[in-house]
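Colleague: Pasting a structure below so you can have a look.
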Amino acid sequence: MDASGASLLARLQSDQAAARRDQLKDRVMLLGMIIAEVRNREIEVRREVTDDDVVDVIRKGIKKRRESVALYAKAGRTDLQEREEAEVAALEGYLPAQVDPAEIRTAVQAAVAGGAANVGAVMARVMPAYKGRVDGSVINAIAREELTRG
């Protein structure tokens with residue numbers, strides 16, 4: 001639940017209704033796709049989704065769109081690239097505040113000092129504490145840096 005007491009899914013649905021009223025076709029479609037993916041997750045887990053589940057779906061949507069941005073940039077399709085970047089920016093607005101990289105680095109260093117000798121072991125120790133608040137690729141990159149420093 002966020003500060004207003006509404007779930008993230010309810011916020012997505014409310015924002016989609018507002019976009020529909022304002023005739024923002026692209027935003028209506030983007031939010032509709034995310035809501036549909038959340039509903040699929042609900043069926044998959046066989047329970048009502050939590051905000052953490054919704055954040056997971058949004059992160060996956062952002063990851064897919066970032067991959068598309070790279071492909072469109074490589075192909076020289078700036079029109080499609082810009083659209084995907086706009087979608088990424090819109091979706092990032094639904095994510096919780098990101099954790100400071102210095103805090104993550106400290107956690108990674110503690111995991112390495114605690115005996116984690118490879119990236120997988122570091123990720124297993126650090127990820128649970130930051131799930132939903134930081135992208136796994138950030139932790140992975142910091143873990144690789146710290147392990148090579150070693």
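The values are calculated or read from the model by the stated rules, or taken from the named source; none is laboratory data. Predicted model, so just to flag it, every value in this text is computed and none were measured. Note that each Cβ is placed from the backbone with ideal geometry, even for glycine, and that neighbours are counted across all protein chains shown.
Colleague: Looking at 22, 51, 15, can you tell me which residue is more than 24 Å from residue 129 (Cα to Cα), among the acidic types (Asp, Glu) and under 19 Å from the mean Cα position of the chain (by Cα)?
Modeller: Among 22, 51, 15, only 15 is more than 24 Å from residue 129 (Cα to Cα), among the acidic types (Asp, Glu) and under 19 Å from the mean Cα position of the chain (by Cα).
Colleague: Here's something else I'd like to know. Out of 122, 99, I need the residue that is in contact with a Lys or Arg (Cβ under 7 Å, 6 or more places away or on another chain), among the hydrophobic types (A, V, I, L, M, F, W, C), touching a residue at least 24 places away in the same chain (Cβ under 8 Å) and surrounded by 12 or more Cβ atoms within 10 Å (Cβ to Cβ). Which one?
Modeller: Answer to the check: 99.
Colleague: If we keep just the residues of region 102-118 that are of a type in the set (A, V, I, L, M, F, W, C) and surrounded by fewer than 16 Cβ atoms within 10 Å (Cβ to Cβ), which is modelled with the lowest pLDDT?
Modeller: Filtering region 102-118 for residues that are of a type in the set (A, V, I, L, M, F, W, C) and surrounded by fewer than 16 Cβ atoms within 10 Å (Cβ to Cβ), the one modelled with the lowest pLDDT comes out as 117.
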